């Protein structure tokens, strides 16, 4: 009889037979996952944490407790946030570092200069996170940066918020925007099977999840790579038929896809399980700039989408995205964007200053000066605050139910009403509670029940 340790397993040798009697689990290694960026990135961070926990690693909630820190980055707006985060981690902690997320060649080069011992695992290889961690523990420097098309659903997860499950319905998109590096990383749309999405949602409900957050690079592109003609409105119809007490938040859908199946999408939104919330990114209110961006829709199509949704759901929350300082944006073009905001009155605007990304067409266009882009960003932010405050004022004295889904500051909790408006409340409430409230005050960014 002989006892051997082979690749993490204790094996008993009796004659010519190997009998596994114990797997050695790496319980002493503590790992922290730090994620920034979009909801899809947070899903992948939760999935990597779940896979590592399943493999026996100890996942910690504070970076100061970690032996290994996984920095899950977003580079859609450039490398600056990733660089800043890495500098902070190096300065504050003595852990080994793995970079995950949307990693371009320029990102890798910039981060490697700060820390030559970094290991990398990109968005296409999250299923290999356990192997990468094991290699790092052994002292190796790893680069898992191959491009592959894995299914990123029904994976073990450690959810940051126990009552919210971020459910990816697809990966990649159908657009070819001249400014975007994400398409270069993610590739063409890859829709997940409806049965897999339904399985994820059903399991979430069993685990007392109250909010399903459907995410993708563009939820409106769902199904365009399939032959069965099942698209986003069809998916929503199917998901709302699943028994259970839960809400669905639909992630960003581009105006061209929203407009393409506008009637069907509005019809799907009529179900009470779907938050009356539409994230539809216009990017610019000027037709020439949209053409330069290669955004496949018109300003008029965007306006029609807003008009039709508001006719059916007057209180719907509209969110949009704006890029200021895009190459070629004149003062007149910028004014068109300001005018569009005043006409359509979006509740939420995600404002970005244009930043050229390597290997994109827009990086080679004539750039708007940094100072001009900055001033336009300030001006459009001021208009947004004015519009958002006015929109929120309309909710004063509203009373109804909200779902508590987040912890707030100073012993408050945050809930969402049927239009996904954030409502701050006081009192002894728990995540997942549904309570009746009345709006007493409003601010630029939220509603308050006190």
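Each value in this text was obtained by applying a stated rule to the coordinates, not by laboratory testing. Predicted model, so just to flag it, every value in this text is computed and none were measured. Every residue, glycine among them, receives a Cβ derived from its backbone with ideal geometry; neighbour counts consider all protein chains shown.
Tabulated data
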quantity	calculated
Residue 311-residue 77 pseudo-label distance in nm [points 7 Å out on the Cα-to-Cβ vector]	3.5 nm
Using alpha-carbon coordinates, inclination of helix 299-312 to the longest axis of the chain, degrees	90 degrees
Between helix 105-114 and the chain: long-axis angle, C-alpha atoms, 0 to 90°, nearest 10	60 degrees
Fluctuation leader among 169, 126, 89 - the chain, Gaussian network, Cα springs under 10 angstrom	89
Interatomic Cα distance distribution for region 399-448, bins of 10 angstrom, percent	28, 65, 7
Residue order, fewest to most surrounding Cβ atoms within 10 angstrom, among 74, 173	74, 173
Label zone at residue 60, where the point sits 7 Å out along the Cα-to-Cβ direction: region 131-164 residues whose backbone N lies under 16 Å	137
Global form of region 109-227, assessed from the alpha-carbon gyration tensor, a/c cut-off 1.5	oblate
Correct option for Rg/Rh (Cα atoms, Kirkwood Rh) [calculated from the coordinates] among (i) 0.99; (ii) 0.95; (iii) 1.06	(i)
Cα gyration tensor shape of region 200-353, rounded if a/c is under 1.5, else prolate or oblate by comparing a/b with b/c	prolate
GNM flexibility winner over the chain from 34, 399, 188 (Cα, springs under 10 Å)	399
Calculated P(r) of region 30-144 - Cα pairs past 17 Å, %	48 percent
Region 164-393 - percent relative contact order, Cα under 8 Å, separation 6 or more	18 percent
Percentage relative contact order, the chain, counting C-alpha pairs under 8 Å, at least six apart	10 percent
Most fluctuating residue given options 151, 270, 210, as computed from a GNM of the chain linking Cα atoms under 10 Å	270
Segment residue 374-residue 410, extension gain: residue separation times 0.36 nm, minus the distance between their alpha carbons	9.6 nm
